[in-house]
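Novice: Before anything else, here's the structure in question.
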């Protein structure tokens, strides 16, 4: 898929970059697109020969049907207004019914006695957030240097992008058994395994967004920075890092989303019939689901995670995103 579809598409998309300087990226073959360039017209003609005659016959058959009473324009408007009112009213009534039913179901569930494990939720949230922060720091530690290197070396960029796309397309959960077995066998620490598992669901979002930001920096700005005699570090500090800041924030938001998804499985894992877990909101949710089957604990865990995610998005990621798009937008 990468070789046949995505790489040709990525190369073809380079045609739509707006810049005045010549790109330093060497021209690449469009692969499957080159083959389709000759096959496409023949396929189009064949499809037209197959589909057009039945379409014309259907239109003639519809036109031959006896027509009913004709409505005046005013009557048509009234009928259309009635139909729209009925549709919108049905949607509103169904939505209100779903919201009210869900609210009462939530209140009914939370009014039941809370399990003793509920006291662990605040501590679990803190520990899970710490693991997420460590995994995010590790992701930044290697993705940002790779993106900076890709900004200076087009060949490295061409090598890194397909490797990252292929490895990143593998589901993070598919790597969980390998990581857990390796870490538990050699270190015996589930905390380290949990961080590494979160890392698999987080790092690729950062890398892909950073590489996209690097590729969007106009080549004429890079040439201008070089013509002024700026050193490599100065170019990174004055041009590249500010230019990719919006992509970095976007990648961070999606990376934390992927990390929260991976968190559910990273803190609770069964290996050789033994449950390996560390205290965290993910392990509390898994234990309530697979061990106790306590619906109240499941709901409390989910609500706690939702509250933390919304709080982080509101207080941290949204202000950072607004700052990045306003201050570091490339307008020239």
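Novice: So what's the Cα pair-distance distribution over the stretch 125-214, bin width 10 Å, in %?
Specialist: Bin by bin from 0 Å, the calculated values are 16, 41, 31, 11, 0.
Novice: At 7 Å along the Cα-to-beta-carbon direction for both residue 75 and residue 219, put a label point, then send me their distance in nm to one decimal.
Specialist: For residue 75 paired with residue 219, the spin-label model returns 6.5 nm.
Novice: Most exposed first by the Cβ proxy, i.e. fewest other Cβ within 10 Å, how do 95, 292 rank?
Specialist: Values: 95 10, 292 13.
In increasing order of surrounding Cβ atoms, one gets 95, 292.
Novice: Using a 10 angstrom cutoff on alpha carbons, build the Gaussian network for the chain and name the most mobile of 274, 250, 200.
Specialist: Most flexible of the set in this elastic network: 274.
Novice: How much length would be gained if the chain were fully extended between residue 152 and residue 175, taking 0.36 nm per residue of separation minus their Cα-Cα distance, in nm to one decimal?
Specialist: Residue separation times 0.36 nm, minus the Cα-Cα distance, leaves 5.1 nm.
Novice: Now a separate question. Would you work out the relative contact order for the chain, in percent, from Cα pairs under 8 angstrom that are 6 or more residues apart?
Specialist: The value is 21 percent.
Novice: Related question: Kirkwood hydrodynamic radius of the chain from all distinct Cα pairs, in Å?
Specialist: Details: mean 1/r = 0.0396 Å⁻¹.
That comes to 25.3 Å for the chain.
Novice: Give me the Kirkwood hydrodynamic radius of the stretch 142-283, using the inverse of the mean 1/r over all pairs of distinct Cα atoms, in Å to one decimal.
Specialist: One decimal place: 16.8 Å for the Kirkwood radius.
Novice: Go ahead and set up a Gaussian network model of the chain, Cα springs under 10 Å, then flag whichever of 233, 126, 296 fluctuates most.
Specialist: Fluctuation is largest for 233.
Novice: May I pose another question? Just to be sure I understand: with springs between alpha-carbon atoms less than 10 Å apart, which residue in 105, 288, 154 has the highest mean-square fluctuation in the Gaussian network model of the chain?
Specialist: 105
Novice: May I pose another question? Counting each DSSP H run of 4 or more residues in the chain as -39500 (n - 2.57), what helix-only mean residue ellipticity at 222 nm follows after dividing by all residues, to the nearest 500 deg cm²/dmol?
Specialist: Working: 14 runs with 239 residues, N = 332.
That calculation yields -24000 deg cm²/dmol at 222 nm.
Any read-out appearing in this document is the output of simple, stated calculations on the displayed coordinates, not a laboratory observation. Note that the structure is predicted; figures quoted are calculated from it, not measured. Positions of Cβ are generated from backbone atoms using ideal geometry, with glycine treated the same way; all protein chains shown enter the neighbour counts.
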